[in-house]
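Input: a single structure, listed below in structure tokens.
The values are calculated or read from the model by the stated rules, or taken from the named source; none is laboratory data. Here the structure is a predicted model, which is why all the values come from computation and not from measurement. All Cβ positions, glycine included, derive from the backbone under ideal geometry; neighbour counts span all protein chains shown. With ligands, DNA and RNA removed, areas are computed over all heavy atoms of the protein, side chains included. Shrake-Rupley method; radii C 1.70, N 1.55, O 1.52, S 1.80 Å.
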Amino acid sequence: AKYSNFCNQQLSHFGILPFNKRPNLLLIRYNKDLIIVTVNELRNRAQFNARNCKEVKDKYGQTENGLYYLNTATGGVYQTFCDMTTAGGGWTLVASVHEDNIYGKCMVGDRWTSQQGNNANWPQGEGNWANRKTFGTVEAATDDDFKNPGYYDIEAEDMSVWHVPNNTPVNHWNLAAIMRYHTDRHFLHLYGGNLYQLFHSYPVEYNVGAHLSDNGPSIPIVYDLGDKESTKNVYDPYSGGEIEGGFISFRAINHERAATAICSGVKPKGGNVEHYCIGGCGFFPEANPLQCGDFTGFAWNGYGTHIGFSASKQMLESAVLLFYRQCTMH
Ligand code: 3S6
Ligand code: CA
Ligand code: CA
């Protein structure tokens with residue numbers, strides 16, 4: 001008790017302290033938890049030679065959820081979160097979509113639509129769904145947008161998605177998530193192996209097609225937290241008749257030919273996709289600019305009111321974490 005009191009005093013300053021003069025052990029305060037890890041254990045994580053979390057698990061026997069360093073094909077190194085437990089584990093976090101201000105319409109922070117306004121002359125907007133730009137950090141993935149080189153580097157087969165309340169610390173993401181699911185039919189293989197390739201085939205761009213007939217693929221999902229009903233309940237009540245739960249859909253287009261990027265948990269069956277699909281192009285014509293932004297028209301009838309075409313507050317204030325996994329058969 002004496003040591004831990006001393007430790008607590010020290011840790012409040014340092015956060016990390018050599019444990020009881022044994023240099024190989026560290027006592028780390030992680031929020032309210034005190035965790036003893038070995039320096040080697042942490043240093044080892046930087047020495048794995050792996051392109052994705054599945055490799056880290058299979059080649060190095062790592063089974064702990066947490067932060068790992070990965071390499072890219074061209075020798076880049078980046079840190080991200082590995083989910084080593086869901087459906088056999090080996091899921092690599094490659095991006096997060098976060099709405100920092102639903103009232104800022106396609107302004108700074110709207111990295112997954114446009115940060116330079118709602119403009120027909122900039123139909124692709126930021127273009128981050130189909131380029132190699134990266135931004136954010138893994139530990140801030142629910143505080144702001146995140147995109148790492150794995151988004152375009154990893155050749156994956158399946159995706160998983162976590163909706164996690166904004167500003168959640170990484171070691172609480174799993175516990176705090178309001179919805180989690182994954183695909184299990186290796187669909188990404190059909191679209192080039194990742195979202196970078198998929199959105200080259202299905203450009204997230206204004207005026208490339210019509211609603212429903214030109215939408216991208218809808219893929220069945222397996223729920224890890226939630227179900228088809230709870231999915232429909234987190235979105236707006238008016239869209240209930242326009243969506244089918246149990247899918248993840250890509251490049252959905254609305255009545256006014258604006259393209260959104262991902263409809264998480266649902267398949268669109270109508271043209272008001274701006275109320276249940278995130279990310280998108282550089283121009284949303286209807287009620288310009290009210291639908292332009294990373295969470296598009298999620299507050300059409302008020303912030304988090306969950307009436308009319310407005311999504312629930314829970315959905316509006318959660319970041320959408322996107323994971324890849326390569327085939328488990330390898
Ligand atoms: C149930 C009301 C439908 O209202 C229409 O849809 C109205 O014309 C528009 O303001 C609205 C938006 O297109 C919804 O996205
Ligand atoms: Ca954002
Ligand atoms: Ca509409």
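Observations
Results for (1) touching a strand residue (DSSP E or B) at 6+ places or on another chain (Cβ under 7 Å); (2) open to solvent by 20 Å² or more (accessible area, probe 1.4 Å); (3) outside the structural domain of P220 (by TED's automatic domain parsing), shown as yes or no for each residue.
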| site | (1), (2), (3) |
| --- | --- |
| P149 | yes, yes, no |
| S160 | yes, no, no |
| H163 | yes, no, no |
| N166 | yes, yes, no |
| N171 | yes, yes, no |
| A177 | yes, no, no |
| H182 | yes, no, no |
| F187 | yes, no, no |
| G192 | no, yes, no |
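- Elements of the type strands (runs of 3 or more DSSP E) sitting completely within segment 212-315 and holding at least 3 residues that are away from ligand 3 (no atom under 16 Å from the Cβ) and closer than 20 Å to P165 by Cβ: these cover 222-225.
- Yes/no for Q291 being assigned by TED's automatic domain parsing to the domain that holds V97 and either buried (at least 18 other Cβ atoms within 10 Å of the Cβ) or touching a strand residue (DSSP E or B) at 6+ places or on another chain (Cβ under 7 Å) (or both): yes
- Elements of type helices (runs of 4 or more DSSP H) in segment 136-201, at least 3 residues being under 15 Å from T80 (Cβ atoms) and hydrophobic (A, V, I, L, M, F, W, C): none
- Restricting segment 294-320 to residues that are among the aliphatic types (A, V, I, L, M) and away from ligand 2 (no atom under 13 Å from the Cβ) leaves a set whose member that is surrounded by the most Cβ atoms within 10 Å (Cβ to Cβ) is A311.
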